[in-house]
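Scroll down for the structure; my scribbles are underneath it.
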Amino acid sequence: MSKIDDLFAFLSIPSVSAVAEYAKDVERCADFLVEKLSSLGFDAKKHMTDIHPIVVAHSPKVEGAPTVLVYGHYDVMPVDPVSEWKSDPFKPEIRDGRVYARGASDDKGEIMAHILGAEEVIKEDGKLPLNMIFLLEGEEERGSESLFKFVQDPAVQKDLACDVIVVSDTGMAAEDIPSFSYGLKGLCCFELKVSGPAMDLHSGIFGGAVANPITTLAEMIAGTHDENNHVTVEGFYDGVQEIADWERESWRRVPGMADAELAELTGVPELRTEKGFTGAECVYARPTFELNGISGGYEGEGSKTVIPTHAIAKMSCRLVPGQDPEAILDKVEAHFRKVCPPSVRMEFTRQHGGDAYISDPNSNFGKAAQQALEMTFGNKPVLVREGGSIPIIAEISKVLGKDALFLGLDLPDARIHSPNENMRVAIFEKGIEMAKNMIRLMAKA
Ligand code: BES
Ligand code: ZN
């Protein structure tokens, strides 16, 4: 099979982790990885869990050489709205030099680049110069519940013992400018339900006498930010570290991340950052409080004059090092309880999350990773932190006691999580080269 055939076969399996009807496909995707890695001489196993399988694969032992653990996720986000896709999300297609499919960038293209990089080194040199472990999960896009449990087992920790963790599940600045990331944001997700009357009410018969749950929810939400776009939740910023001068300086030079460029890329009339910070600084290093969805009342055609029984908002906070997701949830819940008026009832539901992560970009392995990126793309990588989250990384790094490094290949126009997700074929090929360079450089780090 050619390299692109391997990628196409991988992308053709609809491994949507969030939707139960795809469970068999998710398992088939794990089987595909076990088979591919076994064919390269890896000792590859599928570990069943309560939700989706975890794949662990070890290369043949090379005594005295370092061990690199490559983490990735083979599950993908749901595809809706499917009508927005120009081709079937699970029938990969190349148009204008890009592979279009769900998972093309996040994270199947990136995983396959590492697998094929290892395959080419084995073909060219007869064997790998170091020890490699692939740790590939099927639940990242839904919170990694099974992997959180899996890595608590001391036997698993022993099996995954390594010198460094490498992750390609993050962004890349531009086609010829690689990014080397040394941090991820943490996350906590939650839902707030505001309930009022026992049944939908006629807004003429009862309006003005009874609090409207949508209005009340909107007021509660509007109060979470002040006029400077600071979050008003008491203690929200406790423990948040200052951005270092070298980081500010480095981030000013990241292509595409100037305020005007960010506005253009996202299609907004202008940015609305936290006062005192640039867009890049907010994305990389400031905690945020986001509304992800809001519902309640009549949303159908025409109008309907009701006071609805309830309204719901789905929210999440992106966190930075120094903030604890559980403590933030406590503070956010306390904030809402304080501002919730007696005319309604509120329910606060905690969902999944994980810690932020930061590592030293200039460790020996960090330097080798930066060198691999420069060799591959012909330009020095920009040093950034990610605004996105991979909640399991801080946990894996903690239990294994090793740093994680991020060599991302997702371009800003890769449309991850969105219709028409894609990866440029040229980036996929560079990704394979990057993986080869990384293997050879890390063997000597
Ligand atoms: N690959 C992304 C994370 C990412 C993307 C980091 C781009 C940096 C740049 C990952 O698959 C993802 O989407 N994570 C989720 C968290 C999850 C718990 C839903 C996220 O960040 O929203
Ligand atoms: Zn991802």
Inset, instruction - Go through region 105-143 and count every residue that is basic (Lys, Arg), farther than 15 Å from Ile432 by Cβ and assigned to a helix (DSSP H, G or I). - result: 1
Inset, instruction - All but one of (1) in contact with a helix residue (DSSP H, G or I) (Cβ under 6 Å, 6 or more places away or on another chain); (2) crowded, with 21+ Cβ neighbours inside 10 Å; (3) of a type outside the set (A, V, I, L, M) hold for Asn422, so report the exception by its number. - result: (1)
Legend entry - Among the residues listed as Asp88, Asp96, Asp106, Asp80, the single one being buried (at least 24 other Cβ atoms within 10 Å of the Cβ) and either within 16 Å of ligand 1 (Cβ to nearest atom) or not hydroxyl-bearing (Ser, Thr, Tyr) (or both): Asp106
Legend entry - Odd one out for Ala280, checked against (1) over 22 Å from Pro381 (Cβ atoms); (2) surrounded by 16 or more Cβ atoms within 10 Å (Cβ to Cβ); (3) under 22 Å from the mean Cα position of the chain (by Cα); (4) not β-branched (Val, Ile, Thr): (1)
Inset, instruction - Determine whether Lys123 is free of Cβ contacts under 8 Å to residues at least 24 places away in the same chain and either away from ligand 2 (no atom under 16 Å from the Cβ) or surrounded by fewer than 22 Cβ atoms within 10 Å (Cβ to Cβ) (or both). - result: yes
Legend entry - Per-region count, region 324-344, residues closer than 17 Å to Lys314 by Cβ and of a type in the set (Val, Ile, Thr): 2
Inset, instruction - Please verify whether region 409-426 includes one or more residues that are in contact with a strand residue (DSSP E or B) (Cβ under 6 Å, 6 or more places away or on another chain) and acidic (Asp, Glu). - result: yes
Legend entry - Residue that is surrounded by the most Cβ atoms within 10 Å (Cβ to Cβ), among those in region 180-211 that are closer than 19 Å to Ile307 by Cβ and in contact with a helix residue (DSSP H, G or I) (Cβ under 9 Å, 6 or more places away or on another chain): Val194
Inset, instruction - Go through the residues of region 342-363 one by one and say whether even a single one is buried (at least 20 other Cβ atoms within 10 Å of the Cβ), in contact with a Ser or Thr (Cβ under 7 Å, 6 or more places away or on another chain) and closer than 30 Å to Phe148 by Cβ. - result: yes
Legend entry - Matching option when the condition is closer than 29 Å to Val233 by Cβ and over 14 Å from the mean Cα position of the chain (by Cα), among Lys380, Lys338, Lys402: Lys338
Inset, instruction - For region 69-100, enumerate the residues that are out of contact with any Asp or Glu (no Cβ under 7 Å at 6 or more places or on another chain) and of a type in the set (A, V, I, L, M). - result: Leu69, Val70, Val79, Val82, Ile94, Val99
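Residue-wise test of (1) within 16 Å of ligand 2 (Cβ to nearest atom); (2) at pLDDT 95 or above; (3) surrounded by 18 or more Cβ atoms within 10 Å (Cβ to Cβ).
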residue	(1), (2), (3)
Gly378	no, yes, no
Leu383	no, yes, yes
Lys398	no, yes, no
Lys402	no, yes, yes
Leu407	yes, yes, yes
Ile416	yes, yes, yes
Ala426	no, yes, no
Gly431	yes, yes, yes
Met434	no, yes, yes
Legend entry - Filter pass, Gly387 being closer than 30 Å to Gly256 by Cα, part of a loop (DSSP other than H, G, I, E, B), within 15 Å of ligand 1 (Cβ to nearest atom) and not charged (D, E, K, R): yes
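The values are calculated or read from the model by the stated rules, or taken from the named source; none is laboratory data. In this text, all values refer to a predicted model and were calculated from it rather than measured experimentally. Every residue, glycine as well, gets a Cβ built from its backbone with ideal geometry; the counts of neighbours run over all protein chains shown.
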